[in-house]
1. Spot the failing condition for A:H189; the list is (1) in a strand (DSSP E or B); (2) over 21 Å from A:K331 (Cα atoms); (3) in contact with a Ser or Thr (Cβ under 9 Å, 6 or more places away or on another chain), and only one is missed.
2. Does at least one position in the range A:775-792 carry a residue that is part of a helix (DSSP H, G or I), in contact with a Ser or Thr (Cβ under 7 Å, 6 or more places away or on another chain) and without any contact (Cβ under 8 Å) to a residue 24 or more places away in the chain?
3. Looking only at residues in the range A:714-727 that are of a type in the set (A, V, I, L, M) and part of a helix (DSSP H, G or I), which one is surrounded by the most Cβ atoms within 10 Å (Cβ to Cβ)?
4. Here are some residues: A:W730, A:W701. Which one is surrounded by 15 or more Cβ atoms within 10 Å (Cβ to Cβ), more than 40 Å from the chain's Cα centre (by Cα) and not charged (D, E, K, R)?
5. Return yes when A:Y198 is in a strand (DSSP E or B) and either near RNA strand B (Cβ under 10 Å from one of its atoms) or open to solvent by 10 Å² or more (accessible area, probe 1.4 Å) (or both) and no when it is not.
6. Working only within the range A:750-797, note down all residues that are buried (at least 19 other Cβ atoms within 10 Å of the Cβ), near RNA strand B (Cβ under 10 Å from one of its atoms) and closer than 26 Å to A:N664 by Cβ.
7. Among the residues of the range A:815-829, which ones are open to solvent by less than 20 Å² (accessible area, probe 1.4 Å), of a type in the set (A, V, I, L, M, F, W, C) and more than 19 Å from A:Q842 (Cα to Cα)?
8. Go through (1) crowded, with 20+ Cβ neighbours inside 10 Å; (2) in contact with a Cys (Cβ under 6 Å, 6 or more places away or on another chain) one by one and return the number of the condition A:G132 breaks.
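The values are calculated or read from the model by the stated rules, or taken from the named source; none is laboratory data. Note that the structure is a prediction, hence the values are computed from the model and not measured. Neighbour counts are summed over all protein chains in view; Cβ atoms, including those assigned to glycine, are modelled from backbone coordinates with ideal geometry. Protein only, heavy atoms only, side chains kept; ligands, DNA and RNA dropped before computing areas. Shrake-Rupley method; radii C 1.70, N 1.55, O 1.52, S 1.80 Å.
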Amino acid sequence: MDRHYDPKAVEAKWYPWWERNGCFHDEPSRGGKPYTVVIPPPNVTGILHMGHALNQTIQDVLVRWHRMRGENVCWVPGTDHAGIATQNVVEKALRKEGKRRQDLGREAFIDRVWEWKRQYGGTIVHQQRMLGNSTDWRRERFTMDEGLSTAVAKVFCDLYDEGLIYRGNYIVNWCPRCGTALADDEVEHEPNAGHLWYVRYPVVGSEGEFVTVATTRPETLPGDTAVAVNPSDARYAHLRGKKVLLPLTNREIPVVFDDYVEKDFGTGVVKITPAHDANDFAVGQRHDLPQVDVMNDDGTMNARSGYEGMDRFACREAIVKDLEKGGYLVKVEDYQNQVGHCYRCHTVVDSRLSKQWFVRMKPLAGPAIEAVRKGEIAIQPKRWESVYFNWMENIRDWCISRQIWWGHRIPVYTCGACGHEWAAPTKPTRCPKCGAAELTQDPDVLDTWFSSWLWPFSTLGWPQKTEDLAFYYPTNDLITGADILFFWVARMIMAGYHFMGRAPFRNVILHGIVRDAQGRKMSKSLGNSLDPLEIIDRYSADALRFSLALITSMETDTKVDMGKFEIGRNFGTKLWNAARFLQMNAEKLPGFSFADHADQPPALDPALLRDDDRHLLLKAHHTCAALDAALAKYRIQDGALAIYDFAWTDFCDWYLEYAKADLNAPDEKRRRQVMAILADVYGKILRLLHPYMPFVTEEIWHQLGYCGEEATIMRAPYPTGYADAQIAAWGLTEEALAYVEAKHDLITGIRALRAEAGVPPAATVRPLLHPASDALRDRLTHDLPSIQTAVRAESLTLIADTPTDPMPSKLLKAGMVYLPLQGLVDTQAEAEKLDKEIAKLQGFLNGVNAKLNNQAFVSKAPAPIIQNQRDRKAELEVQIAALQARRATL
RNA sequence: GGGGGAUUAGCUCAGUUGGUUAGAGCGUCUGCUUGACAUGCAGAAGGUCACUGGUUCGAGUCCAGUAUCUCCCACCA
C-alpha cells in the first residue's frame with residue numbers, strides 16, 4: 001500500500017467501477033425485502049450545494065446500510081424541470097443575444113430550453129456522483145420525461161373530472177419580473193423598512209370634513225373603490241351611507257362598514273383596493289365593490305391609474321408628491337411591515353386580480369391528516385407533526401397555473417365553435433360535443449410542484465402498472481429538509497392517498513439546513529457558501545460525508561466551516577495507516593489471508609486469548625449493535641460517533657499498540673491469533689464504516705484482499721457482532737471489559753505521573769503498584785509486560801504494603817501507584833496533594849452516606865441504585881484508607 | 001398575533017426511559033520524528049449544565065415562569 005492515501009485517484013476509480021458493474025442497481029425479480037427511497041429531485045438548473053451534500057449523505061448512509069443487509073434496494077435519482085428557474089436561465093441567455101422569448105415564439109423557445117437541458121442539465125447529476133451517492137442511475141427520471149408528463153396529465157384530468165380543479169378570478173401573488181402567478185408558499189415574507197402615509201379623503205357633501213386613511217402602498221390609490229371602517233367605531237358612525245372623494249381623481253367612492261377593520265390601527269379607516277390586496281378583495285366581495293386594476297403584468301401602471309407606463313415604485317413617489325401638492329398628505333411615519341418577495345427572483349410581489357387554476361385541497365388533506373394521526377406515516381423529529389397538522393387543517397386552495405412556457409401545459413381545451421371546455425390527457429383533434437376542429441389549449445403551464453408531488457410513484461412507472469411500482473411502492477424513507485415540508489412532503493402524502501390509495505412512504509425524516517460558522521444561512525449574496533466540490537477537492541468526498549454525518553444532529557441545523565472537514569480527512573488517513581500496519585504484519589505470516597476474515601468469525605484458541613483481546617472483541621460486538629441501533633433510528637450521528645471512537649481509540653490507540661509486542665514476538669501461534677483478531681475486527685470496522693465512507697473502505701477492502709477484484713464491499717454483509725456461543729466460548733465478559741478499563745486507567749495514570757514528575761520521555765521507570773484488591777493483583781500478575789511496555793517501565797512491582805520512602809503517588813482504579821525517583825522529592829507538596837485528594841473523596845463519601853442514611857432513599861429507590869451506592873461507599877472507603885495510610889508515612 | 005426550537009468547556013455540539021465523579025471534536029498548554037500514522041502519539045488545563053421556582057429519595061434530564069437568541073405560520077392597512 002502507498003505510504004500516503006490518494007483520495008482523488010481512489011474516488012475517481014471506484015465510482016465509475018460501481019456504476020459500470022451495476023452495484024447500485026437491483027430488480028424486483030431478485031425478490032427479498034424491498035427498500036425504496038426517492039431522492040428529492042434537485043432543480044435541473046441547480047449546482048450542488050451543502051444542502052444537497054447533507055441530504056444525500058444521510059440518504060446514502062441509509063441506502064448503503066440496507067443494501068449491505070441484503071435488502072432489495074431501489075434509490076431513484078432525477079431532476080426537477082423547475083419551471084420558472086429554468087425559464088429564467090434560458091431567457092437570460094437569450095437576452096445576451098438581444099432577444100426575448102416572445103421573439104422566438106412558444107415552440108421555438110421550448111425547443112431552446114430542451115436544448116439547454118441537454119447541454120447543461122447534467123451538471124448536477126454529474127456533481128452528485130462526486131458525493132459517492134449509490135443512486136440507481138438506470139432509473140434516473142426527469143419531471144418532464146414522457147412518462148412523468150403522462151402522469152401529470154392524467155392527474156390533472158382526474159382532478160378536473162372530480163371537480164377538484166376549478167378556475168376563477170382571484171387575487172393571487174404576482175411576480176412582475178417573472179410575469180406569473182405564484183402559490184402562497186412561493187412568496188417569502190421579509191421585514192421591510194417602509195412608510196405609512198396618512199392621506200385625507202374629503203367627505204362628499206360635507207363642509208371640509210375628511211377621513212384620514214393610512215397606507216403603505218399609495219400607488220394603489222387610483223384602484224380604491226371604497227374606504228372602510230369598523231361598524232362599532234363610534235367615531236365614524238355618522239358616515240353611514242356617505243361617500244368620499246378619491247384624491248387625485250374625481251371619483252366618489254362609498255364608505256363601507258366591515259369587521260375586518262381594526263379600530264386601533266392607524267386611523268381606523270382603511271382604503272379598499274379590491275384588485276390589489278387579498279383582504280380588500282374579500283371586503284369588496286362582501287360589499288359588492290367594483291375591482292379596478294391599475295397595473296400591467298410587468299409592474300408598470302396602466303391607463304386607469306392616470307400614471308400610465310410608470311414603474312410602480314416610481315409611481316409611489318409620484319403619487320405621494322401629488323398628494324402633498326394637493327394638500328391631501330397629512331403625515332408620513334416610518335413603518336416596518338412584512339413584504340412578500342418572489343422565491344425565485346426576489347422581486348417584490350404584488351397581489352393581483354387574475355384568472356387562475358386552483359386545486360381544492362380540503363378533500364385531499366383529510367386522508368393525509370388521518371395517515372399521520374394513525375401512524376401510517378411517521379414524521380421525525382416528531383415535533384414536525386404538529387406543524388404538519390396545523391398547516392393541513394388550515395390548508396388553502398393551491399394555485400397551480402403559471403404564466404410561463406416551460407412546464408407541463410394545462411390540458412384544458414376550448415372548442416371555438418360551441419365553447420365547450422374540457423380536460424384531456426392527450427391533445428384531442430375534435431370537440432367531443434360538437435365535433436368541431438377549432439380547438440384552443442389553455443396557454444398556462446402547471447406549477448412545478450404539480451409534477452413533484454407525484455414523484456414517489458410517477459418515477460416507478462405510474463400510471464402504467466409496472467413491476468417496479470408493484471414491488472418498490474410504497475417507498476420506505478423520505479429524507480429531506482424541513483423547509484419543503486409543505487411544498488413537497490405534504491402534497492406527496494395527499495397525492496399518494498388520492499391516486500394510489502396508499503401512503504407514498506412510511507417515514508419522513510426531516511433534517512436541518514446547513515449554515516455557516518456564524519449560524520447564517522448560506523447564500524450567494526452573503527458569499528458565505530461552502531462549495532461541496534471544493535471540499536471534495538481539498539479533503540475528499542469521504543471526508544465531506546463523514547464530517548457532515550458526525551456533526552449533524554437531526555434536531556438542529558448544522559453549522560459548518562472548512563476546518564470541520566479535517567475530522568473526516570484525518571479519520572481516513574488514520575484508517576489508511578492502520579491498514580498499512582496490518583498489511584505489513586500480515587506479509588510476515590506465510591499463508592495468512594484477509595479473505596478468510598471477510599465475514600467468518602475467526603477460529604481463536606480460547607487458551608491463547610488475553611483480556612486485551614477480549615476487551616477489543618467485546619467492544620467490536622457492542623459497536624456492531626450500536627451501529628445497528630443508531631441507523632435503525634436514523635441517528636446517523638450516533639452511528640458515526642460509535643465507529644469513530646471504536647476505530648480510533650479502542651482499535652488503533654490501544655489494541656494496535658498492544659499487538660506490536662505480540663507481532664514481534666517469536667510465538668507464532670500467538671502472532672497468528674493476534675493477526676486473526678486484527679483482520680476480523682478491522683474488517684468489521686471497514687464494513688461498519690462503509691455507508692459513511694464508501695471510497696476509502698472499498699479501496700482498503702481490496703488492497704488488503706478481503707475480497708477478489710470482481711467483488712465489492714458494497715455487497716459484503718453488514719456486521720452484526722458475534723454469536724452468543726462464540727462470546728461464551730471466548731469468555732467475552734463485562735468483567736474482562738471492566739478489568740481492561742482499569743488497566744488502561746493504570747497506564748494513563750503512570751504516564752501522567754511520569755509527566756508530572758518531569759521524567760524524560762526516553763527514561764525508564766520502575767513504578768510500584770499497591771493493588772486495590774487481591775483479584776486485581778492476580779489478574780495484573782499475568783499482564784505486566786504489556787503495561788510495562790506501554791509506560792516504558794523496566795518493571796512494575798506489585799507491592800503488599802504501603803511504602804514509606806518519599807516519592808510521588810497517584811490513586812487509580814487499580815490501586816495506589818508509586819513512582820520511585822532519584823533526587824529531590826517535595827514531601828510537603830506530596831502531602832498537600834494527598835490531603836486534597838482525601839478531602840475530595842471524603843466529600844463524595846459524605847454524599848453517598850447521606851443518601852444511604854436517608855430512609856426515604858433506601859425505601860423508595862430501586863434496588864440496583866441502592867446497591868450502586870453501597871458499592872461506591874465500599875470503594876471510597878478502600879481508596880480513602882489507602883490514601884490515609886500513605887499520608888501517615890510522610 | 002399564533003406556534004416550534006435552542007441555551008451544557010474558549011468554539012461546535014453529544015448526553016437514549018430522571019440514578020456513580022456531565023462527555024467528544026476543534027482550539028489552548030506541556031512533552032515527543034517511538035518502524036502504521038506529526039492528517040500523528042502521550043499528558044494537562046477548562047463546565048455553579050441561561051436564570052428562578054416546583055415535582056421527586058434523587059433533576060443537565062420532568063413541570064411552570066423569566067431572559068436572550070432563532071425558525072416557521074398568519075390578512076393589521
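1. The one condition A:H189 does not meet is (3).
2. Yes, because at least one residue in the range A:775-792 is part of a helix (DSSP H, G or I), in contact with a Ser or Thr (Cβ under 7 Å, 6 or more places away or on another chain) and without any contact (Cβ under 8 Å) to a residue 24 or more places away in the chain.
3. Going through the qualifying residues, I end up with A:M714.
4. A:W730
5. It is true that A:Y198 is in a strand (DSSP E or B) and either near RNA strand B (Cβ under 10 Å from one of its atoms) or open to solvent by 10 Å² or more (accessible area, probe 1.4 Å) (or both).
6. Matches in the range A:750-797: A:I750, A:R754, A:A790, A:V791.
7. A:V817, A:L819
8. A:G132 satisfies every listed condition except (2).
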